[in-house]
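This report concerns only the one structure given below.
No value in this document is a laboratory result; all are computed from the given coordinates. In this text, all values refer to a predicted model and were calculated from it rather than measured experimentally. Using ideal geometry, Cβ is built from the backbone for each residue, glycine included, and neighbour counts are taken over all protein chains shown.
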Amino acid sequence: MSFQNLEVVHVVAMDQQRCIGQGNQLPWHISEDLKHFKRLTEGGIVIMGRNTFESMVKALPNRTNFVLTTDLDYTIDDPSVMIFHNLDDALGQASSLAHGKGLDTVWIIGGQKIFEQGLLFSDRLEITEVDLAVDGADVFYPAITQNFVKVAESEPKVDEKSGIGYRFVTYHKQKD
């Protein structure tokens with residue numbers, strides 16, 4: 001565990017070009033991916049950037065929502081949301097809160113800048129690989145560094161409503 005005995009995990013869906021967003025929205029809808037995300041993160045602590053939070057309209061239920069922003073005046077009137085101005089402070093508070101709640105994992109859920117900053121601290125990546133190449137994508141997941149190794153991969157799946165193919169892939173950080 002790379003941060004104060006806490007497993008830091010990225011949860012993300014990305015296309016073939018590592019696109020994770022377009023116009024502050026997911027450029028696809030895959031019901032099973034949303035269920036997978038919920039199963040992983042429910043009851044836990046999720047860390048996200050302000051744009052990601054605002055794209056969801058409200059806090060994720062049954063989770064403690066940590067929102068990162070550089071806007072020192074940013075406020076949210078919701079007790080399930082805590083505001084931070086840097087990832088180190090958010091991870092430190094998440095660690096304290098997680099240990100108090102008996103949790104051993106914190107989830108980083110986006111966007112691009114938060115994923116880039118969080119990769120250094122991350123132990124595991126839970127990635128939904130979406131079989132698309134989105135035109136006009138404007139937010140991307142960082143390149144997966146060589147110190148992460150693919151340890152599991154689901155069979156290819158197809159969303160019934162959209163016809164979009166996808167698979168769930170798990171990477172673990174190699175120990176030094």
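Tabulated data
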quantity	calculated
Most fluctuating residue given options ARG39, ARG50, ARG63, as computed from a GNM of the chain linking Cα atoms under 10 Å	ARG39
Size of electric dipole in segment 86-176: Cβ of Lys, Arg +1 and of Asp, Glu -1, about Cα centre, debye, nearest 20	240 debye
Euclidean distance of C-alpha centroids, segment 107-149 and segment 54-97, integer Å	20 Å
Segment 1-141, dipole about Cα centre (Lys/Arg Cβ +1, Asp/Glu Cβ -1), debye to the nearest 20	320 debye
Listed residue (MET48, SER154, GLN117) projecting farthest to the positive dipole end of the chain, Cβ model	SER154
Normalised contact order of the chain, rounded percent, pairs of Cα under 8 Å and 6 or more residues apart	33 percent
Local electrostatic count at MET14 - Lys and Arg +1, Asp and Glu -1, tallied over other residues with Cβ under 12 Å	-3
Around LYS38: net Lys/Arg minus Asp/Glu count, Cβ-Cβ under 13 Å	-1
Antiparallel bridge percentage (DSSP; both residues within the chain; nearest 5)	45 percent
Amide proton proximity set for THR105, modelled H, under 5 Å, gap of 5+	GLU7
Long pairs among LYS35/LYS161; LYS35/LYS157; LYS35/LYS175; LYS150/LYS175, criterion Cα-Cα beyond 20 Å	LYS35/LYS175
For P(r) over Cα pairs in 10 Å bins from 0, in percent, calculated from these coordinates, the label among [x] 9, 30, 31, 19, 7, 3, 1; [y] 10, 39, 38, 13, 1; [z] 10, 29, 28, 18, 10, 4, 1, 0	[y]
